[in-house]
1. Against the conditions (1) surrounded by fewer than 21 Cβ atoms within 10 Å (Cβ to Cβ); (2) at pLDDT below 95, where does Leu510 fall short? Just the number, please.
2. Considering only the stretch 396-480, give the helices (runs of 4 or more DSSP H) lying wholly within it that have at least 2 residues that are closer than 26 Å to Ile38 by Cα.
3. Exactly one condition in (1) buried (at least 19 other Cβ atoms within 10 Å of the Cβ); (2) under 24 Å from the mean Cα position of the chain (by Cα) is not met by Tyr224; state its number.
4. Has the stretch 443-450 got any residue that is of a type outside the set (S, T, N, Q), closer than 30 Å to Lys494 by Cβ, surrounded by fewer than 15 Cβ atoms within 10 Å (Cβ to Cβ) and in contact (Cβ under 8 Å) with a residue 24 or more places away in the chain?
5. Considering Leu188, Leu201, Leu153, Leu145, which residue is among the hydrophobic types (A, V, I, L, M, F, W, C), touching a strand residue (DSSP E or B) at 6+ places or on another chain (Cβ under 7 Å) and assigned by TED's automatic domain parsing to the domain that holds Asp114?
6. Go through the residues of the stretch 28-40 one by one and say whether even a single one is modelled with pLDDT of 95 or more, in contact with a Ser or Thr (Cβ under 6 Å, 6 or more places away or on another chain) and under 26 Å from Tyr284 (Cα atoms).
7. Pick out, from the stretch 314-374, the strands (runs of 3 or more DSSP E) lying fully within it that include 3 or more residues that are modelled with pLDDT of 95 or more, surrounded by fewer than 22 Cβ atoms within 10 Å (Cβ to Cβ) and assigned by TED's automatic domain parsing to the domain that holds Ser127.
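The values are calculated or read from the model by the stated rules, or taken from the named source; none is laboratory data. All values derive from a computational prediction rather than experimental measurement. No Cβ is skipped: glycine too gets one built from the backbone with ideal geometry, and neighbour counts run over all protein chains shown.
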Amino acid sequence: MNKIQLRALLLSFFVCCLAQFSLAQEREMALDNFFSTINRNGDISGSLLVAENGKVLYKRSFGYADAQNKIPNSENTLFQIASVSKLFTAIAVLQLYESKKLDITDKFIKYFPDFPYPDVTIKQILSNTSGIPDVGDVFVPIWKLHQDTVFTLQDIIPSLKLQKLPVDFKSGDYWEYSNTNYSLLALLVEKISGEKYANYLSKKIFIPAGMRNTFQKTSGTNPYPHPNLAYNYAWPFISSLAPARVDSFATNDYKVHYRTWPAEGDANIYTSVSDLINFDQALYKGRLLKQKTLGLVFSPSTRNNGKKIILHGVASEIGVIGDFYWGFGNRIDVDSTLGKIVWESGGLPGCRANMIQNLTKHQLLIWLDNKESPSAMDNLFGALNIANGRTVAIKKAKQQAAPLYARSLITEGEDVAFAKLMTMVSDTTTNYNLSESNLNDLGYEFFSDQKTDLALQTFRAAVYVFPNSDNLFNSYGEILAKSGKKEAAIIMYKRSLLLNPKNDDSKKALEQLEQK
């Protein structure tokens, strides 16, 4: 090669590198503009990362891990990743399969002789085709009788037997999301490995993958002594004036009892975007599973008839995301225009977690959040398009009108609040969500909090906005009656029956009032 040829080659190489650098800069700027705008909309409190071939294209954090002490979120902040944890459970089971300690076609009862569903296989549990009821159906009835109980993995099978719940369908025929499935898989990992589930994950997944700070919360434990944890923030009630730390909630049943059922398998891994990029690379490099076995995780599950499980019109908190196959602990995009896209999403009170992997192009997108940002899933798919050179519009979730009305009612009075409610009612197509059930719940919430005047004002507004709701007139009548306003209550019950003559509750309440 002469000098001229060498110079030409070096120049060509330089131009190529410059073009790649320029493209990376353009994508970084586009992603930053995209996420910064979402932050200005008040819709991010968490950490984001976009990478390709193991190299970070974009990384940024917004908001506070600890709002009270003004500790900001960072790339090393540990977030609760909710159902994204299921991917790790699936990998743990397949590690045992790969080492020939189980076969995924085995019946689960082979390992647990008292398991009440003898026909269910491990594969059906992995693919959510088992028909086993969800954890709420299994544990909440028991929890209501014994509210100090903290359930562990060892309680799952006894609770299933106690409840005597049938499968929701013949195992393998249909698909239904059930957290119980993945708690059972964690129990299986413990049984076969002889290790506590959290210890198994640490030894076999977190440490080999270089996830130095990641851990699995165990049932009944407090995760917050761990350093760098993000507190989860949510609104305790519809009428709350400010969000609060979820771990401080004491009376809201929904946001309390989820902490009492088994923590492992279906949720409660705490990790960071920095650790998750290491996990992503560990998958590609075969540190956790052989590529053939990993293919099972990211392949569409099938029913008994051999047909792939397709989830049509998968919905987010904003709208429809698209059509997806179900793998093992993940979803697989039917549309392969950008490559083979797999994603995991999860949410618990006060947190959201979303992770997208483009297996074809080795792209990774993560959004971990500690304030229930409703647009996270939709906009992370938007970021995927940006990473692939497309232009997208930011999606913004509608605001919930009932809490805004409640705050105005408390701080500004009935007239101002009603005027604002009417403005929101006229804008439900674009910017606000409002349902009669939200206002109904708000009215009862005020009444149970001994704020009777606010309860009555809420129901007065509610029946104005939803004049054809027999249920709202029934509820309004109940609160009036309990407030000693008999004649007004009778009027409301009659209105309820005029709208729905079959409303037995209104009929009985009216008869009782008229007999007094």
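1. With respect to (1) surrounded by fewer than 21 Cβ atoms within 10 Å (Cβ to Cβ); (2) at pLDDT below 95, Leu510 is out only on (1).
2. Once the helices (runs of 4 or more DSSP H) in the stretch 396-480 are filtered for at least 2 residues that are closer than 26 Å to Ile38 by Cα, what remains is 401-412, 414-425.
3. Of the numbered conditions (1) buried (at least 19 other Cβ atoms within 10 Å of the Cβ); (2) under 24 Å from the mean Cα position of the chain (by Cα), the odd one out for Tyr224 is (1).
4. yes
5. Only one candidate passes the filter, namely Leu201.
6. no
7. Working: elements: 320-326, 331-333, 341-348, 351-358, 363-369.
Filter on the stretch 314-374 gives an empty set.
For every residue, the table says whether it meets (1) surrounded by fewer than 20 Cβ atoms within 10 Å (Cβ to Cβ); (2) at pLDDT below 95; (3) not assigned by TED's automatic domain parsing to the domain that holds Ile238.
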{"residue": "Asn433", "(1), (2), (3)": "yes, yes, yes"}
{"residue": "Asp441", "(1), (2), (3)": "yes, no, yes"}
{"residue": "Arg460", "(1), (2), (3)": "yes, no, yes"}
{"residue": "Ile479", "(1), (2), (3)": "no, no, yes"}
